[in-house]
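I have a structure I would like to understand better, so I am pasting it below and will then ask my questions one at a time.
The values are calculated or read from the model by the stated rules, or taken from the named source; none is laboratory data. Computed from a prediction, not measured in an experiment: that's the story for all the values here. Please note: Cβ atoms are built from the backbone with ideal geometry, for glycine as well, and neighbour counts cover all protein chains shown. Remember, those area values only see protein heavy atoms, side chains included, never the ligands or the DNA or RNA. Shrake-Rupley method; radii C 1.70, N 1.55, O 1.52, S 1.80 Å.
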Amino acid sequence: MVVVMEERATESQIEQVVARLVEMGMDVHRSTGVTRTVLGAVGQGQPDAGLIEMLDGVHEVLRISEPYKLASRTFKPDDTTVTIGEVRIGGDEVIVMAGPCSAENESQVRSAAAAVRRAGAKIFRGGAFKPRSSPYSFQGLGEEGLRLLRDASNAENMKLVSEVMDISQIEVIDKYCDIFQVGARNMQNFTLLRELGHVRKPVLLKRGISATIEEWLLSAEYVLSGGNTEVILCERGIRTFETATRNTLDLSAIPFVKKLSHLPIVVDPSHATGRRDKVAPMARAAVAAGADGLLIEVHCDPDHALSDGAQSMFPSQFDRLMAELRIIAPAIGRSICLEPVARRGWGS
Ligand code: PEP
Ligand code: MN
(Lines give C-alpha, C1' and ligand atoms only; values in the text may rest on other atoms or scores of the structure.)
(Ligands and ions follow the chains in the order given, each with its own letter.)
Protein backbone atom coordinates (compact mmCIF):
# COMPACT_ATOMS: atom_id res chain seq x y z
CA MET A 1 0.00 0.00 0.00
CA VAL A 2 1.19 3.51 -0.79
CA VAL A 3 0.07 6.47 1.26
CA VAL A 4 0.43 9.77 -0.56
CA MET A 5 0.52 12.65 1.92
CA GLU A 6 -0.91 16.07 1.18
CA GLU A 7 1.54 18.66 -0.10
CA ARG A 8 1.29 20.61 3.13
CA ALA A 9 1.25 17.61 5.49
CA THR A 10 3.19 18.37 8.66
CA GLU A 11 5.97 16.22 10.07
CA SER A 12 3.80 15.24 13.00
CA GLN A 13 0.95 14.14 10.68
CA ILE A 14 3.43 12.02 8.73
CA GLU A 15 4.73 10.48 11.93
CA GLN A 16 1.22 9.64 13.08
CA VAL A 17 0.47 7.82 9.83
CA VAL A 18 3.76 5.92 10.09
CA ALA A 19 2.96 4.94 13.68
CA ARG A 20 -0.51 3.70 12.68
CA LEU A 21 0.88 1.58 9.84
CA VAL A 22 3.53 0.08 12.12
CA GLU A 23 0.78 -0.72 14.62
CA MET A 24 -1.01 -2.57 11.81
CA GLY A 25 2.08 -4.76 11.32
CA MET A 26 3.64 -2.99 8.34
CA ASP A 27 7.22 -1.88 7.61
CA VAL A 28 7.15 1.69 6.39
CA HIS A 29 9.55 3.14 3.82
CA ARG A 30 9.46 6.87 3.34
CA SER A 31 10.15 8.63 0.07
CA THR A 32 10.29 12.41 -0.03
CA GLY A 33 9.45 13.63 -3.52
CA VAL A 34 9.67 17.13 -4.92
CA THR A 35 6.23 18.10 -3.66
CA ARG A 36 4.93 15.29 -1.46
CA THR A 37 5.96 12.61 0.97
CA VAL A 38 4.96 9.10 -0.01
CA LEU A 39 4.89 6.22 2.49
CA GLY A 40 5.30 2.70 1.22
CA ALA A 41 3.81 0.17 3.64
CA VAL A 42 5.05 -3.35 3.01
CA GLY A 43 4.70 -6.52 4.98
CA GLN A 44 2.27 -9.28 5.68
CA GLY A 45 -0.28 -7.17 7.55
CA GLN A 46 -3.62 -6.27 5.96
CA PRO A 47 -4.02 -2.56 6.72
CA ASP A 48 -7.48 -1.13 6.20
CA ALA A 49 -7.08 1.55 3.51
CA GLY A 50 -10.26 3.29 4.70
CA LEU A 51 -8.84 3.82 8.18
CA ILE A 52 -5.60 5.28 6.82
CA GLU A 53 -7.45 7.58 4.43
CA MET A 54 -9.22 9.16 7.41
CA LEU A 55 -5.98 10.26 9.06
CA ASP A 56 -4.98 13.93 8.97
CA GLY A 57 -2.62 14.94 6.19
CA VAL A 58 -3.38 11.92 3.96
CA HIS A 59 -4.09 12.79 0.32
CA GLU A 60 -4.82 9.30 -0.99
CA VAL A 61 -4.12 5.63 -0.43
CA LEU A 62 -3.16 3.45 -3.38
CA ARG A 63 -2.85 -0.29 -3.61
CA ILE A 64 0.27 -1.34 -5.54
CA SER A 65 -0.84 -4.08 -7.86
CA GLU A 66 2.71 -5.17 -8.76
CA PRO A 67 4.29 -7.81 -6.50
CA TYR A 68 7.30 -5.52 -6.01
CA LYS A 69 6.44 -2.39 -4.08
CA LEU A 70 9.46 -0.24 -3.23
CA ALA A 71 10.90 -0.76 -6.72
CA SER A 72 7.68 0.44 -8.35
CA ARG A 73 6.91 3.83 -9.86
CA THR A 74 3.71 3.95 -7.84
CA PHE A 75 5.77 4.14 -4.66
CA LYS A 76 8.29 6.59 -6.09
CA PRO A 77 7.19 8.49 -9.21
CA ASP A 78 10.50 10.39 -9.57
CA ASP A 79 13.58 8.72 -11.05
CA THR A 80 16.13 7.49 -8.53
CA THR A 81 19.65 8.76 -9.01
CA VAL A 82 22.57 6.95 -7.43
CA THR A 83 25.43 9.24 -6.49
CA ILE A 84 28.99 8.08 -5.91
CA GLY A 85 31.12 11.13 -5.23
CA GLU A 86 30.84 13.31 -8.32
CA VAL A 87 29.37 10.50 -10.46
CA ARG A 88 25.59 10.41 -10.77
CA ILE A 89 23.82 7.43 -12.32
CA GLY A 90 20.24 7.97 -13.45
CA GLY A 91 20.53 11.69 -14.15
CA ASP A 92 21.00 13.38 -17.52
CA GLU A 93 24.49 12.04 -18.03
CA VAL A 94 25.06 8.57 -19.49
CA ILE A 95 27.72 6.96 -17.29
CA VAL A 96 30.15 4.50 -18.83
CA MET A 97 31.72 1.78 -16.67
CA ALA A 98 34.50 -0.14 -18.39
CA GLY A 99 37.48 -2.36 -17.72
CA PRO A 100 38.56 -5.97 -17.96
CA CYS A 101 36.41 -8.97 -17.14
CA SER A 102 38.95 -10.02 -14.47
CA ALA A 103 41.92 -8.51 -12.74
CA GLU A 104 44.90 -10.64 -13.89
CA ASN A 105 48.06 -8.75 -12.91
CA GLU A 106 49.20 -5.22 -12.16
CA SER A 107 50.21 -4.11 -15.64
CA GLN A 108 47.04 -5.53 -17.24
CA VAL A 109 44.83 -3.72 -14.70
CA ARG A 110 46.79 -0.45 -14.92
CA SER A 111 46.84 -0.34 -18.71
CA ALA A 112 43.10 -1.09 -18.97
CA ALA A 113 42.26 1.58 -16.39
CA ALA A 114 44.35 4.21 -18.17
CA ALA A 115 42.81 3.32 -21.54
CA VAL A 116 39.17 3.47 -20.46
CA ARG A 117 39.71 6.60 -18.40
CA ARG A 118 41.32 8.40 -21.31
CA ALA A 119 38.31 7.57 -23.44
CA GLY A 120 35.86 8.99 -20.87
CA ALA A 121 34.76 6.09 -18.61
CA LYS A 122 34.04 7.29 -15.08
CA ILE A 123 33.76 3.93 -13.36
CA PHE A 124 36.30 1.13 -13.62
CA ARG A 125 35.03 -2.45 -13.75
CA GLY A 126 36.91 -5.64 -13.01
CA GLY A 127 36.27 -8.95 -11.31
CA ALA A 128 38.31 -10.41 -8.47
CA PHE A 129 35.85 -13.16 -7.55
CA LYS A 130 34.69 -14.72 -10.80
CA PRO A 131 31.53 -16.81 -11.27
CA ARG A 132 32.85 -19.12 -14.01
CA SER A 133 30.65 -21.72 -15.62
CA SER A 134 33.45 -24.28 -15.25
CA PRO A 135 35.27 -24.94 -11.96
CA TYR A 136 38.46 -25.43 -14.01
CA SER A 137 38.43 -21.88 -15.45
CA PHE A 138 40.32 -18.96 -13.88
CA GLN A 139 38.46 -18.07 -10.70
CA GLY A 140 39.92 -14.61 -10.05
CA LEU A 141 42.69 -13.21 -7.84
CA GLY A 142 40.51 -12.58 -4.80
CA GLU A 143 41.66 -9.80 -2.43
CA GLU A 144 44.89 -9.25 -4.35
CA GLY A 145 42.76 -8.52 -7.44
CA LEU A 146 40.66 -6.04 -5.48
CA ARG A 147 43.80 -4.25 -4.34
CA LEU A 148 45.07 -3.96 -7.93
CA LEU A 149 41.70 -2.70 -9.11
CA ARG A 150 41.47 -0.12 -6.31
CA ASP A 151 45.00 1.18 -6.88
CA ALA A 152 44.35 1.56 -10.61
CA SER A 153 41.00 3.29 -9.98
CA ASN A 154 42.65 5.73 -7.58
CA ALA A 155 45.47 6.42 -10.01
CA GLU A 156 42.93 7.24 -12.74
CA ASN A 157 40.41 9.01 -10.48
CA MET A 158 37.66 6.49 -11.20
CA LYS A 159 35.07 4.77 -9.05
CA LEU A 160 35.19 0.98 -8.90
CA VAL A 161 32.57 -1.74 -9.38
CA SER A 162 33.34 -5.42 -8.70
CA GLU A 163 31.32 -8.57 -8.28
CA VAL A 164 30.27 -10.09 -4.98
CA MET A 165 29.33 -13.77 -5.21
CA ASP A 166 28.75 -14.65 -1.61
CA ILE A 167 27.93 -13.04 1.75
CA SER A 168 31.39 -14.01 3.03
CA GLN A 169 32.97 -11.63 0.44
CA ILE A 170 30.94 -8.53 1.36
CA GLU A 171 33.36 -7.26 3.99
CA VAL A 172 36.48 -7.46 1.84
CA ILE A 173 34.77 -6.04 -1.27
CA ASP A 174 33.39 -3.18 0.81
CA LYS A 175 36.98 -2.28 1.76
CA TYR A 176 38.00 -1.73 -1.88
CA CYS A 177 34.95 -0.99 -4.04
CA ASP A 178 32.36 1.74 -4.53
CA ILE A 179 29.64 -0.45 -6.05
CA PHE A 180 28.78 -4.10 -5.39
CA GLN A 181 27.98 -6.00 -8.59
CA VAL A 182 25.58 -8.93 -8.30
CA GLY A 183 26.10 -11.18 -11.30
CA ALA A 184 23.44 -12.78 -13.45
CA ARG A 185 24.00 -16.16 -11.81
CA ASN A 186 23.31 -14.68 -8.39
CA MET A 187 20.26 -12.57 -9.21
CA GLN A 188 18.13 -14.93 -7.17
CA ASN A 189 20.61 -15.55 -4.36
CA PHE A 190 18.14 -14.16 -1.87
CA THR A 191 20.42 -14.53 1.15
CA LEU A 192 23.05 -12.40 -0.61
CA LEU A 193 20.44 -9.84 -1.71
CA ARG A 194 19.05 -9.53 1.81
CA GLU A 195 22.52 -8.93 3.19
CA LEU A 196 23.22 -6.27 0.53
CA GLY A 197 20.10 -4.53 1.80
CA HIS A 198 22.15 -3.62 4.84
CA VAL A 199 25.27 -2.27 3.13
CA ARG A 200 25.62 1.46 2.60
CA LYS A 201 26.91 1.28 -0.97
CA PRO A 202 25.09 0.98 -4.30
CA VAL A 203 24.31 -2.44 -5.76
CA LEU A 204 24.48 -3.09 -9.51
CA LEU A 205 22.00 -5.91 -10.01
CA LYS A 206 22.37 -7.85 -13.23
CA ARG A 207 19.37 -9.52 -14.80
CA GLY A 208 19.38 -13.31 -14.36
CA ILE A 209 20.11 -15.46 -17.38
CA SER A 210 16.46 -16.50 -17.71
CA ALA A 211 14.75 -13.99 -15.43
CA THR A 212 11.63 -12.09 -16.36
CA ILE A 213 11.54 -8.34 -15.73
CA GLU A 214 9.16 -8.99 -12.84
CA GLU A 215 11.55 -11.50 -11.21
CA TRP A 216 14.40 -9.03 -11.67
CA LEU A 217 12.44 -6.22 -9.98
CA LEU A 218 11.50 -8.59 -7.17
CA SER A 219 15.20 -9.26 -6.63
CA ALA A 220 15.78 -5.50 -6.47
CA GLU A 221 12.97 -5.41 -3.90
CA TYR A 222 15.00 -7.72 -1.61
CA VAL A 223 17.79 -5.12 -1.50
CA LEU A 224 15.43 -2.14 -1.18
CA SER A 225 13.37 -3.73 1.58
CA GLY A 226 16.55 -4.17 3.62
CA GLY A 227 16.96 -0.38 3.61
CA ASN A 228 19.47 0.07 0.77
CA THR A 229 17.79 2.43 -1.69
CA GLU A 230 20.68 2.50 -4.17
CA VAL A 231 20.01 -0.21 -6.72
CA ILE A 232 21.14 0.07 -10.34
CA LEU A 233 19.65 -2.51 -12.70
CA CYS A 234 21.83 -4.00 -15.45
CA GLU A 235 20.42 -5.71 -18.56
CA ARG A 236 23.09 -8.15 -19.81
CA GLY A 237 21.17 -10.35 -22.20
CA ILE A 238 18.97 -13.33 -21.54
CA ARG A 239 19.09 -16.91 -22.77
CA THR A 240 16.90 -17.62 -25.78
CA PHE A 241 16.93 -20.24 -28.54
CA GLU A 242 19.35 -18.05 -30.52
CA THR A 243 22.94 -19.31 -30.50
CA ALA A 244 24.60 -16.76 -32.80
CA THR A 245 25.19 -14.45 -29.85
CA ARG A 246 26.21 -15.48 -26.34
CA ASN A 247 22.86 -14.16 -25.04
CA THR A 248 20.04 -12.11 -26.53
CA LEU A 249 20.14 -8.46 -25.52
CA ASP A 250 16.64 -7.42 -24.47
CA LEU A 251 16.72 -3.72 -25.23
CA SER A 252 12.97 -3.46 -24.78
CA ALA A 253 13.65 -4.05 -21.07
CA ILE A 254 14.89 -0.44 -20.90
CA PRO A 255 11.58 1.31 -21.66
CA PHE A 256 9.68 -1.38 -19.76
CA VAL A 257 11.76 -0.97 -16.61
CA LYS A 258 11.57 2.81 -16.94
CA LYS A 259 7.78 2.61 -16.91
CA LEU A 260 7.48 0.09 -14.09
CA SER A 261 10.27 1.32 -11.84
CA HIS A 262 12.12 4.45 -10.72
CA LEU A 263 15.48 2.64 -10.58
CA PRO A 264 18.27 3.49 -13.04
CA ILE A 265 19.08 0.89 -15.67
CA VAL A 266 22.38 0.31 -17.46
CA VAL A 267 23.24 -2.15 -20.24
CA ASP A 268 26.12 -4.61 -20.56
CA PRO A 269 26.53 -5.29 -24.31
CA SER A 270 29.68 -7.40 -23.71
CA HIS A 271 28.06 -10.35 -21.93
CA ALA A 272 24.96 -9.88 -24.07
CA THR A 273 26.73 -10.49 -27.38
CA GLY A 274 29.90 -12.37 -26.42
CA ARG A 275 31.76 -10.88 -29.41
CA ARG A 276 33.74 -7.69 -29.44
CA ASP A 277 32.67 -6.71 -32.97
CA LYS A 278 29.03 -6.73 -31.83
CA VAL A 279 29.52 -4.67 -28.68
CA ALA A 280 29.60 -1.19 -30.24
CA PRO A 281 26.34 -1.47 -32.24
CA MET A 282 24.46 -2.74 -29.19
CA ALA A 283 26.02 -0.10 -26.94
CA ARG A 284 24.91 2.60 -29.37
CA ALA A 285 21.41 1.11 -29.49
CA ALA A 286 21.23 0.89 -25.70
CA VAL A 287 22.01 4.59 -25.29
CA ALA A 288 19.50 5.46 -28.02
CA ALA A 289 16.88 3.38 -26.18
CA GLY A 290 17.38 5.35 -22.97
CA ALA A 291 19.92 3.40 -20.89
CA ASP A 292 21.39 5.40 -18.01
CA GLY A 293 24.79 3.87 -18.55
CA LEU A 294 26.87 1.06 -20.01
CA LEU A 295 29.08 -1.66 -18.56
CA ILE A 296 31.71 -2.71 -21.11
CA GLU A 297 34.65 -5.11 -21.06
CA VAL A 298 37.93 -3.64 -22.37
CA HIS A 299 41.36 -5.32 -22.37
CA CYS A 300 44.64 -4.12 -23.87
CA ASP A 301 45.52 -7.65 -25.01
CA PRO A 302 42.15 -9.41 -25.22
CA ASP A 303 43.46 -12.38 -27.18
CA HIS A 304 45.44 -13.38 -24.09
CA ALA A 305 42.79 -12.47 -21.49
CA LEU A 306 42.17 -15.04 -18.75
CA SER A 307 38.41 -14.59 -19.11
CA ASP A 308 35.99 -13.26 -21.73
CA GLY A 309 38.69 -12.22 -24.22
CA ALA A 310 36.44 -12.69 -27.26
CA GLN A 311 33.99 -10.07 -26.04
CA SER A 312 36.57 -7.62 -24.65
CA MET A 313 37.10 -4.55 -26.82
CA PHE A 314 40.50 -3.21 -27.82
CA PRO A 315 41.05 0.29 -26.41
CA SER A 316 40.94 1.73 -29.95
CA GLN A 317 37.46 0.23 -30.49
CA PHE A 318 36.34 1.63 -27.16
CA ASP A 319 37.67 5.10 -28.08
CA ARG A 320 35.67 5.02 -31.30
CA LEU A 321 32.54 3.90 -29.50
CA MET A 322 32.83 6.72 -26.97
CA ALA A 323 33.16 9.22 -29.82
CA GLU A 324 29.98 7.82 -31.39
CA LEU A 325 28.11 7.96 -28.10
CA ARG A 326 29.02 11.63 -27.83
CA ILE A 327 26.87 12.15 -30.93
CA ILE A 328 24.02 9.84 -29.94
CA ALA A 329 23.51 10.95 -26.33
CA PRO A 330 22.72 14.62 -27.06
CA ALA A 331 20.33 13.56 -29.84
CA ILE A 332 18.06 12.07 -27.15
CA GLY A 333 18.59 14.83 -24.62
CA ARG A 334 21.35 13.15 -22.61
CA SER A 335 24.94 14.14 -22.01
CA ILE A 336 28.07 12.02 -21.77
CA CYS A 337 31.62 12.72 -20.59
CA LEU A 338 32.33 15.30 -23.25
CA GLU A 339 35.87 14.82 -24.36
CA PRO A 340 38.52 12.21 -24.00
CA VAL A 341 39.93 12.79 -20.55
CA ALA A 342 43.56 13.30 -21.51
CA ARG A 343 42.63 16.38 -23.52
CA ARG A 344 40.27 17.75 -20.93
CA GLY A 345 42.52 17.00 -17.98
CA TRP A 346 39.63 15.71 -15.86
CA GLY A 347 40.80 14.84 -12.36
CA SER A 348 44.16 16.50 -12.73
C1 PEP B 1 30.91 -10.02 -15.45
O2 PEP B 1 30.44 -8.87 -15.44
O3 PEP B 1 32.14 -10.26 -15.63
C4 PEP B 1 30.00 -11.18 -15.36
C5 PEP B 1 30.40 -12.37 -14.94
O6 PEP B 1 28.75 -10.89 -15.79
P7 PEP B 1 27.37 -11.73 -15.79
O8 PEP B 1 27.04 -11.95 -14.34
O9 PEP B 1 26.43 -10.80 -16.49
O10 PEP B 1 27.61 -12.99 -16.56
MN1 MN C 1 33.07 -11.17 -18.08
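How much length is gained if the chain between E53 and S210 is pulled fully straight, taking 0.36 nm per residue apart and subtracting their Cα-Cα distance, in nm to one decimal?
52.5 nm
From the backbone phi of the stretch 257-262, what are the Karplus-calculated ³J(HN,Hα) couplings (6.51 cos²θ - 1.76 cosθ + 1.60, θ = phi - 60°) in whole Hz, Gly and Pro given as x?
These are the phi-based 3J(HN,Hα) values: 4, 4, 6, 7, 9, 8 Hz.
How would Y68, Y136 line up by accessible area, probe 1.4 Å, largest first?
Most to least solvent-accessible, the answer reads Y136, Y68.
Now for a different question. State the extension gain, in nm to one decimal, for the chain segment bounded by T243 and H198, taking 0.36 nm per residue of separation less the distance between their alpha-carbons.
Going from the current span to full extension adds 12.3 nm.
What translational diffusion coefficient, in µm²/s and rounded to a whole number, does the Stokes-Einstein relation yield for the chain at 37 °C and a viscosity of 0.692 mPa s, taking the hydrodynamic radius as the Kirkwood radius over Cα pairs?
It comes out at roughly 157 µm²/s.
In addition: Please list, in order, the residues from the stretch 234-249 whose amide nitrogen is less than 19 Å from a point placed 7 Å along the Cα→Cβ vector of R185.
234-240, 246-248
Tell me the Kirkwood hydrodynamic radius of the stretch 1-150 in angstroms, computed as one over the mean inverse distance between distinct C-alpha pairs.
After inverting the mean inverse Cα-Cα distance, the result is 19.1 Å.
Among the listed pairs K206/K259; K76/K175; K201/K259; K69/K175; K130/K258; K159/K206, which have their C-alpha atoms separated by more than 22 angstrom in this model?
Correct reply: K76/K175; K201/K259; K69/K175; K130/K258.
Count the DSSP beta bridges whose two residues both fall in the chain, then state the antiparallel fraction as a percent rounded to the nearest 5.
40
What full-extension length gain, to one decimal in nm, is calculated for D151 and L62 as 0.36 nm per residue of separation minus the Cα-Cα distance?
27.2 nm
Here is a further query. Find how many whole Å separate the alpha carbon centroid of the stretch 13-90 from the alpha carbon centroid of the stretch 272-291.
Between the Cα centres of the stretch 272-291 and the stretch 13-90 lies a distance of 36 Å.
Any idea what the relative contact order of the stretch 2-62 is, in percent, if you count C-alpha pairs under 8 Å spaced at least 6 apart?
Contact order relative to length: 47 percent.
Next question, about the same structure. What distance in nm separates the two pseudo spin-label positions at D303 and E15, each 7 Å out from Cα along the beta-carbon direction?
6.9
OK, next. Using the alpha carbons of the stretch 27-85, what is the convex hull volume per residue in cubic angstrom, as a whole number?
Output value, Cα hull per residue: 111 Å³.
Additional query: Mind checking the dipole of the stretch 82-344: about its Cα centre, +1 per Lys or Arg Cβ, -1 per Asp or Glu Cβ, Debye to the nearest 20?
Taking the Cα centre of the stretch 82-344 as origin, the dipole is about 440 debye.
Here's another thing I want to ask about it. Helix-only estimate, please: 222 nm mean residue ellipticity of the chain, summing -39500 (n - 2.57) across DSSP H runs of length 4 or more and dividing by its residues, to the nearest 500.
After summing the helix terms and dividing by the residues of the chain, the value is -10000 deg cm²/dmol.
What FRET efficiency comes out for the pair A288/D166, r = Cβ-Cβ distance, R0 = 56 Å, nearest 0.05?
Efficiency at R0 = 56 Å is approximately 0.95.
For L224, what accessible area in Å² do you get when you roll a 1.4 Å probe over the heavy atoms of the protein chains, rounding to the nearest 10?
10
On average over all directions, what projected area in square nanometres does the stretch 2-62 have, based on the convex hull of its Cα atoms?
Averaged projected hull area, Cα only: 3.5 nm².
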